[in-house]
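Can you read through this structure? Questions will come right after.
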Amino acid sequence: MRIDPRLDGFLEQHGLGRLRPETAKEQLGRNSNFLVVTTTGRQLFVKRIRMRGGDSLERFRACAAFDALRCSDAEVREQLRTAPLVAADEELGFLAYEAVTGAESLALLAGDQENRIAEEHGAELGSILAAVHRLSADRVPERENEPVMPPVAWLDVLPWPVYQGSSAPALQIWHRLQSDTEVRSALARLRADEKAARQCAVHGDVRLDQFLVGSDGVLRLVDLEEFRRGDAARDVGAMVGEWLHRATLDLLGDRDTDPAAALGEVDLDHEDVVASGVAALERRRPAVTRFWNAYRAAGGGSDDPAFLDRVTRFAGWHMFDRLIAAAENASRISALHWGAAGIGRQALLHPRAAAPALGLPATTDHTALEEDAA
């Protein structure tokens, strides 16, 4: 474990004391992340974004801008809990946050106690995202780089670094996406519709592991590196997609199993995939409905009638996104996971038919989902 020697100076400069090296605990993530205790007794989560080009600078400024915006509105600050940013240094890339005592991600908690998590936090997730989307879009920094996913350009040819770094199962998924003309067209339309939609402040990378529950029981939204102006449907769809992804984990049969490790270990026939998939979706519908209703009640979302369609389509894409990520550590893709991708495909292609199966408001049945789920 190597800690940047400039961290001590950064902490002292901001009146936070000096680092107590024996307290440092490295945390997972794409950045250099540490939980530390200083000589003043402050417990901090310190992130260092390596400042290598424009994207790094945009990610750093997004974190700082989010905290400033949240703090500028007392009502939003009360509804939008997060780990407060206490110090930042753009040149060095340091961001120091108050540590969340006893923090556990909602993704880990949901693995063991999903029903309780859905009951206790489903509505709160909707309220938190609505509060993000109510932040002043005019004060969100412009970003040169658009979100990569869904990657429409990659459906023609994968960038060489992506191709070179992908596993064989991941390349198999990319090949299927590139060969599916309906999915290609649907993703191109989704990106075009996203750009044309009303732009608001968005988190930009919503997943269950971006929410922490502390020992105080408070739910906090973290990791704002992708904070930007965008279509609120991206965030909402990703959250719906997370519950849809949890349904996939049900199909693995072992909730303690890492889905990436188990990706190629379970094979079911067509009837088993359809029956298990529909049952798993049924169990998720109340959580999604609770989330959606709370989001709308808190003022989230657009009155644009196409908003719900975009939410459902983003939820469908999220299934592919999670499948590709899991495939990076798998030896092969099972029929079960192709079935899960089929459910995502149907949500992407036929959002109005798929919405009710996901717990979103609509009036159609599950027939289309069942036909494509294998």
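The values are calculated or read from the model by the stated rules, or taken from the named source; none is laboratory data. What you see is a predicted model; the values in this text were computed from it and never measured. Cβ sites come from the backbone with ideal geometry, for glycine too, and all protein chains shown count toward neighbours. Just so you know, the surface numbers come from the protein's heavy atoms only, side chains and all, with ligands and any DNA or RNA stripped out. Shrake-Rupley method; radii C 1.70, N 1.55, O 1.52, S 1.80 Å.
Can you check what the net charge comes to around E144, using other residues whose Cβ is under 14 Å from the Cβ of E144 (Lys, Arg +1; Asp, Glu -1)?
Values: positive: R59, R61, R143, R228, R229; negative: D55, E58, E142, E146, E226.
In short, 0.
To continue, here is another question. Counting only heavy atoms of the protein chains, get the accessible area per residue of the stretch 170-255 (1.4 Å probe) and round it to a whole Å² value.
Values: 2920 Å² over 86 residues.
Heavy-atom accessible area per residue stands at 34 Å².
At q = 0.20, 0.31 Å⁻¹, what log₁₀ I(q)/I(0) does the stretch 297-340 have when each alpha carbon counts as one equal point scatterer in the Debye sum?
-0.71, -1.10
Run the accessible area of the stretch 184-225 with a 1.4 Å probe and give the carbon-and-sulfur part as a rounded percent.
Numbers: 730 of 1600 Å².
C and S fraction of accessible area: 46 percent.
Hey, can you rank 301-307, 172-178, 124-130 by average C-beta count inside 10 Å, highest first?
Working: 301-307: 14.0, 172-178: 16.7, 124-130: 22.9.
Taking the mean over residues of other Cβ atoms within 10 Å, the ranking is 124-130, 172-178, 301-307.
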